[in-house]
Every structure is written in C-alpha cells, then in structure tokens.
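Peer 1: This structure is in structure tokens; I'll ask about it shortly.
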Amino acid sequence: MNEANPVFARIQADIDANPVVLFMKGTPVFPQCGFSAQVVQVLSLLGVKFKAFDILADDELRQGIKEFSNWPTIPQLYVKGEFIGGCDIVREMYQSGELGKLLRDKGIEAQAAA
Amino acid sequence: MRIATLIQARLTEALAPTRLEIIDDSARHVGHAGARPGGESHFRLVIVAAAFEGRSRLERQRLVYAALGDLMAGEIHALALTTSSPSEAAAP
C-alpha cells in the first residue's frame, strides 16, 4: 500500500474502528446514486448495522478511497477491514447467500437471505 | 471514437472474451450526475472469458478495470459488470 497519501491513515482507522463500512455517494437515507442505494438496501435486508461515509461530501476521501482500495468505482464495502467489493459483487454475494455467511462468520449479526 | 468501440477494443485485446455484450444504459440516467449529452457514460457489460477461470469476483473486476484503464477515470461514469468463465456460462 502506498503510504504517501495522508488520507490513507484516516481510511485505515475508519475501517479498523467499524466492523462494516460503506463508502457511498450520499447517505443511507438519501443515496445520490443507484448503485450506492442498492448496497444500502442489501445491508438493510440483512439487518446489518454499518457505518457510511459520503464521499461526495469529502473530496479528499473521494479520490483517496479509490487509490486505497485500488478500485475505481463507488460504492465500496469493507467488512472487518477487508475490501469486499462494489455493487455488482455485493449484490451477487447477497443473492447466493455468501454475504450473509461471510458476515456471520466474522461475528457480525446478519439475517439469512430471503 | 465511440466509447463503446473503445471498450470493445480494449477488452478484446486484454481478455479475449468468448462473449462480450456492451449495453449503453445512459438513456436511463439522463439528467443524473455524470450523464453527458449523447450518452455513453453509463454501461453494463456481460463478459465471458477464460481469463476469469479460477479467479475471485474482485480479481475479475480488477482485470476489467485494468483493461479499460483511463476510460474508468474519465469517459465511463458508471459500469455494471457480470463476469463469468466459459464453464460457469455453460452451467444451467
């Protein structure tokens, strides 16, 4: 990981301090992008508590998170400090039941997929 | 050059897909942040490639993003990906 970017330390602290972290456009109540909204919906269906960061409200984070994760798109989901993926991956993992299992395996309360 | 043509050229060169569908979803996002006049900002791709065999979802999408390179930081505002290996695509 490139240590040169000062925002990386902040991102690392955030994903260390919160078991489930979503970097998104807008807020869980008012998502500003359909892909972010879909991930919020999946987490809600699983009954998972998560910490959301609105990258539209933070320019440094907006660029920094893409470099930190080596991933060019938003949203981005982290579980216990591990990068899980964006909207396509989260949706596929939810539909197959993998996401619920991964969360429970990591000790996070989650409902089974319907 | 049209963005879809660039996407097709770069993915064909990098991944030699056996199936590649490029769907321009831009019309559904008119007026939305990142949408441009003329479309070609929001895409959905369906890719079947042997290069995906044995790779995780993250690794597959990283291969696609790497192949698209600077398009991801510029012309392409949104990209939804469905990635399969030939054996997965053949499965019922």
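The values are calculated or read from the model by the stated rules, or taken from the named source; none is laboratory data. Worth saying up front: this structure is predicted, and the values here are computed from it rather than measured. Quick reminder, even Gly has a Cβ in these numbers, built from the backbone with ideal geometry, and neighbours come from all protein chains shown. Each accessible area value is taken on the protein alone, full model and side chains, heavy atoms only, with ligands, DNA and RNA left out. Shrake-Rupley method; radii C 1.70, N 1.55, O 1.52, S 1.80 Å.
Peer 1: Report the label-to-label distance for A:E109 and B:D70 in nanometres (one decimal), using points 7 Å from each Cα along the Cα→Cβ vector.
Peer 2: The answer from the label model is 5.0 nm.
Peer 1: If you don't mind, there's one more thing I want to ask. What is the interface area between chains B and A, defined as buried accessible area summed over both chains with a 1.4 Å probe, reported in Å² to the nearest 100? Walk me through the numbers before you get to the answer.
Peer 2: Numbers: alone 5550 and 6260 Å², together 10530 Å².
That pair of chains buries around 1300 Å² in total.
Peer 1: Antiparallel as a % of all DSSP beta bridges within chain B, to the nearest 5?
Peer 2: Working: 6 of 13 bridges.
If we restrict to bridges inside chain B, about 45 percent are antiparallel.
Peer 1: Right, another one. What residues does region A:49-96 have that are buried by at least 40 Å² of accessible area in the full protein assembly compared to the chain on its own, 1.4 angstrom probe?
Peer 2: Listed by number, the residues meeting the 40 Å² cut-off are A:W71, A:P72, A:T73, A:D88, A:I89, A:E92.
Peer 1: Return one whole number: the accessible area per residue of chain B in Å², for a 1.4 Å probe. If you can, show how the numbers build up before the last one.
Peer 2: On the way: 4890 Å² over 92 residues.
Here the residues of chain B average 53 Å² of exposed surface.
Peer 1: Among the residues of region B:47-64, which ones have their accessible area go down by 40 Å² or more when all the protein chains sit together, as opposed to their chain alone (1.4 Å probe)?
Peer 2: Residues losing area: B:R57, B:L58, B:Q61, B:R62.
Peer 1: I've got another one for you. Write down Rg/Rh for region B:3-90, rounded to two decimals, with Rg from the C-alpha atoms and Rh from the Kirkwood relation over Cα pairs. Write down the numbers at each step before the final one.
Peer 2: Values: Rg = 13.1 Å, Rh = 13.3 Å.
With Rg and the Kirkwood Rh in hand, the quotient comes to 0.98.
Peer 1: Also, quick follow-up: What dipole magnitude, in Debye to the nearest 20, does region A:1-56 give about its Cα centre under +1 on Lys/Arg Cβ and -1 on Asp/Glu Cβ?
Peer 2: Values: 4 positive and 4 negative charges, 35 e Å.
Approximately 180 debye in magnitude.
Peer 1: Let me ask you something else. What longest range of chain A stays clear of loop-exposed GluC sites (Glu not before Pro) (DSSP non-H/G/I/E/B, at most 11 other C-beta within 10 angstrom)?
Peer 2: Numbers: sites that count: A:E3, A:E109.
The longest such stretch corresponds to A:4-108.
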